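The values are calculated or read from the model by the stated rules, or taken from the named source; none is laboratory data. These figures come from a predicted structure and were not determined experimentally. We place every Cβ from the backbone using ideal geometry, glycine too, and count neighbours over all the protein chains shown.
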Amino acid sequence: MSNTFTVSLISWRDGEPLLKSVRQVVFVEEQGIPEDLEWDGRDETCRHALALSLDGQAIGCGRIKADGHIGRIAVLPTWRNQKVGTAIVEALLSHARAQGYPSVDVDAQVQAVPFYRIFGFEEEGEAFMDAGLPHIKMRLSLSE
């Protein structure tokens, strides 16, 4: 089966409307995260992964900060369970390795912990609340 989507690494400047469209639906509308928390002013300094359907529609995204923190992984509901999130994380991890990051981390929503474990992420510390949702910090060493 061939992929019905592509994932590209882009800058915020080059992808802002498409990246925003996915995050608005997933985080603000679906999960109820306040807009002032979602639009944190850090996107301009991040590298972004953007998943597009073959007809050019934005269907998923994620970002990595210069310090190796991965976040804002989002996939539109109709595209879930089709490996879009996996492809986004793989693209961000590939970028991190190419940049020589020794490790990366993510503040995973608790229900997403099994997803991140697939890549080898391990939990660190206790669960905490962020934007009204339970999260746990997870880290992946890249220096192996």
Take T86 and decide whether it is polar (S, T, N, Q), under 21 Å from E29 (Cα atoms) and part of a helix (DSSP H, G or I).
no
Considering only the range 89-118, state which residues are assigned to a loop (DSSP other than H, G, I, E, B) and surrounded by 15 or more Cβ atoms within 10 Å (Cβ to Cβ).
Y101
From E29, E38, grab the single residue that is touching a residue at least 12 places away in the same chain (Cβ under 8 Å), more than 27 Å from P102 (Cβ to Cβ) and not aromatic (F, W, Y).
E38
Starting from residues that are over 13 Å from the mean Cα position of the chain (by Cα) and hydrophobic (A, V, I, L, M, F, W, C), keep the ones in the range 11-39 and report whichever is nearest to Q109 (Cα to Cα).
I33
State whether one or more residues within the range 66-79 are assigned to a helix (DSSP H, G or I), hydrophobic (A, V, I, L, M, F, W, C), touching a residue at least 24 places away in the same chain (Cβ under 8 Å) and exposed (fewer than 14 other Cβ atoms within 10 Å of the Cβ).
no
Scan the range 15-26 and give yes if some residue there is of a type in the set (A, V, I, L, M, F, W, C), assigned to a loop (DSSP other than H, G, I, E, B) and modelled with pLDDT of 95 or more, otherwise no.
no
Test each condition in (1) surrounded by fewer than 16 Cβ atoms within 10 Å (Cβ to Cβ); (2) part of a strand (DSSP E or B) for G60 and report the one that comes out false.
(1)
Of the residues in the range 88-140 that are over 15 Å from the mean Cα position of the chain (by Cα) and of a type in the set (F, W, Y), the one that is farthest from L76 (Cα to Cα) is Y101
